[in-house]
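Written below as structure tokens is the structure these notes are about.
The values are calculated or read from the model by the stated rules, or taken from the named source; none is laboratory data. The shown structure was predicted, so the numbers you read here are calculated from the model rather than taken from an experiment. Because the Cβ atoms are built from the backbone with ideal geometry, glycine has one as well, and the counts that use them run over all protein chains shown. When the accessible area is computed, the model is the full protein with side chains, heavy atoms only, and any ligands, DNA or RNA have been set aside. Shrake-Rupley method; radii C 1.70, N 1.55, O 1.52, S 1.80 Å.
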Amino acid sequence: MTALKNDRFLRALLKQPVDVTPVWMMRQAGRYLPEYRASRAQAGDFMSLCMNPEFACEVTLQPLDRYPELDAAILFSDILTIPDAMGQGLYFETGEGPRFKKVISTLADIEALPIPDPHKDLGYVMDAVSTIRRELNGRVPLIGFSGSPWTLATYMVEGGSSKDFRKTKAMLYDNPQAMHLLLDKLAQSVTSYLNGQIMAGAQAVQIFDTWGGNLSAAAYQEFSLAYMRKIVSGLIREHEGRKVPVILFTKGGGLWLESIADAGADALGLDWTCDIGDARRRVGNQVALQGNMDPTVLYAKPEAICTEVGRILASYGKGSGHVFNLGHGITPEVNPEHAGAFLRAVHELSAQYHE
Ligand code: CP3
């Protein structure tokens, strides 16, 4: 394997010294980039990009070619590949987001769900990881990812995106045993899926708990965090002679940072609703932090973007342990030049916080 030319992302996740604060953007390959829209048109649709390793590799590298400041690449795929591999039949309705042909509603449905084999059932993702790793040729580390069991369960039970998670919450309170069986099957599936990505070449992994923040404090512990903890304890933590850092991102998890920090991961992703300096004081030395600029700041002019980057860097303060990111994914309406101004500002303004 080629040596890494830029490892400041991995170093910051392990709180090792860096020259400047590393940066990447959630959803950095996506619709705000004209080159992404062109590749998607060529492939036919979004899932065809995901299922073809050459296309997945091409779009993963597009933001890196455009922005030399990016310190990490993230696998181009989707969190809903797992329910698809469990037999639910994922499809995307234009303008409507993800949908499933088969929805999970009863205990019998859950009992019938298989645990996917990453190589047999999700081989296209493993191939995408190894293809991207080869093409990156050591430029920056590659991040693998998965959804959290709770976040995946919301899509599986609702049959797609939802505003209120009516069916999933009803199942959680009416039939907690059924919900626990579903989450347990998902935790097993996610563990072997992420381990497959690590063996195929992912150098760090992130668990997206996009909807954990929608739970009550008690339900978050029992139905989301407990399963992420279980996954983290089953992950391969060292590969190719290097630590493989794990990042947990619960959107809306700001009230529970102490307990999330205790789940065994190396880093926490923060959304923009908490102050990163406060978060640092609360989690102490236990984990690194990733985040947390409000993605809508990118609608403002470059000058305002730089001011906000400077404010977040100052709030975190001196020393390693911070990976700069947005507090959630970049949106399709963002001007690509504004994203470039954001990335440059992070490197330019952060040198003063490192020795
Ligand atoms: O960060 C990256 O660049 C990696 C790629 C990535 C995608 N989805 C590509 C994608 C990642 C990490 C995801 C994760 C994902 N997928 C999440 C959790 C992430 C988060 O932001 O919290 C969720 C909830 C999903 C499910 C999903 N996939 C939805 C709800 C949608 C529709 C969203 C929309 O805005 O229409 C998708 C589609 C999707 N996944 C797109 C991309 C680039 C857009 C598809 C297109 O090109 O039309």
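Pull up segment 225-244, narrow it to residues that are in contact (Cβ under 8 Å) with a residue 60 or more places away in the chain and touching a strand residue (DSSP E or B) at 6+ places or on another chain (Cβ under 7 Å), then point me to the one that is surrounded by the fewest Cβ atoms within 10 Å (Cβ to Cβ).
Met228
In segment 301-313, is there at least one residue being among the basic types (Lys, Arg) and in contact with a helix residue (DSSP H, G or I) (Cβ under 7 Å, 6 or more places away or on another chain)?
Checking segment 301-313: not a single residue is among the basic types (Lys, Arg) and in contact with a helix residue (DSSP H, G or I) (Cβ under 7 Å, 6 or more places away or on another chain).
If you go through segment 322-338 one residue at a time, how many are more than 12 Å from Met26 (Cβ to Cβ) and within 12 Å of the ligand (Cβ to nearest atom)?
Residues in segment 322-338 being more than 12 Å from Met26 (Cβ to Cβ) and within 12 Å of the ligand (Cβ to nearest atom): 2 in total.
Within segment 238-355, which helices (runs of 4 or more DSSP H) (wholly inside it) include 2 or more residues that are within 21 Å of the chain's Cα centre (by Cα) and closer than 25 Å to Asp65 by Cβ?
Fully inside segment 238-355 and qualifying: 336-350.
If I ask for residues that are within 12 Å of the ligand (Cβ to nearest atom), out of contact with any Pro (no Cβ under 8 Å at 6 or more places or on another chain) and within 18 Å of Pro332 (Cα to Cα), which ones from segment 27-49 would you list?
Answer for segment 27-49, where residues must be within 12 Å of the ligand (Cβ to nearest atom), out of contact with any Pro (no Cβ under 8 Å at 6 or more places or on another chain) and within 18 Å of Pro332 (Cα to Cα): Arg27, Tyr36, Arg37, Ala38, Ser39, Arg40, Ala41, Asp45, Phe46, Met47, Leu49.
Name the single residue that is farthest from Arg8 (Cα to Cα) among those in segment 61-109 being more than 12 Å from the ligand (Cβ to nearest atom) and among the small types (Gly, Ala, Ser).
Across segment 61-109, the extreme among qualifying residues is Ala108.
Would you list the helices (runs of 4 or more DSSP H) that sit entirely within segment 105-186 and hold 2 or more residues that are open to solvent by 40 Å² or more (accessible area, probe 1.4 Å) and within 25 Å of Lys243 (Cβ to Cβ)? Show your work before the answer.
Numbers: elements: 107-112, 118-121, 123-136, 149-158, 166-174.
Fully inside segment 105-186 and qualifying: 123-136.
Need the failing condition index for Gly291 against (1) at positive phi; (2) open to solvent by 30 Å² or more (accessible area, probe 1.4 Å); (3) of a type outside the set (Lys, Arg), just the number.
In the conditions (1) at positive phi; (2) open to solvent by 30 Å² or more (accessible area, probe 1.4 Å); (3) of a type outside the set (Lys, Arg), Gly291 misses (2) alone.
Restricting attention to segment 326-340, which residues are over 21 Å from Arg40 (Cα atoms) and open to solvent by less than 10 Å² (accessible area, probe 1.4 Å)?
Answer for segment 326-340, where residues must be over 21 Å from Arg40 (Cα atoms) and open to solvent by less than 10 Å² (accessible area, probe 1.4 Å): Leu326, Gly327, Gly340.
For (1) of a type in the set (Gly, Ala, Ser); (2) modelled with pLDDT of 95 or more; (3) closer than 27 Å to Leu255 by Cα, each residue gets a yes or a no:
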site	(1), (2), (3)
Pro176	no, yes, yes
His180	no, yes, yes
Leu186	no, yes, yes
Ile198	no, yes, no
Asp209	no, yes, yes
Gly213	yes, yes, yes
Lys230	no, yes, yes
Gly234	yes, yes, yes
Arg237	no, yes, no
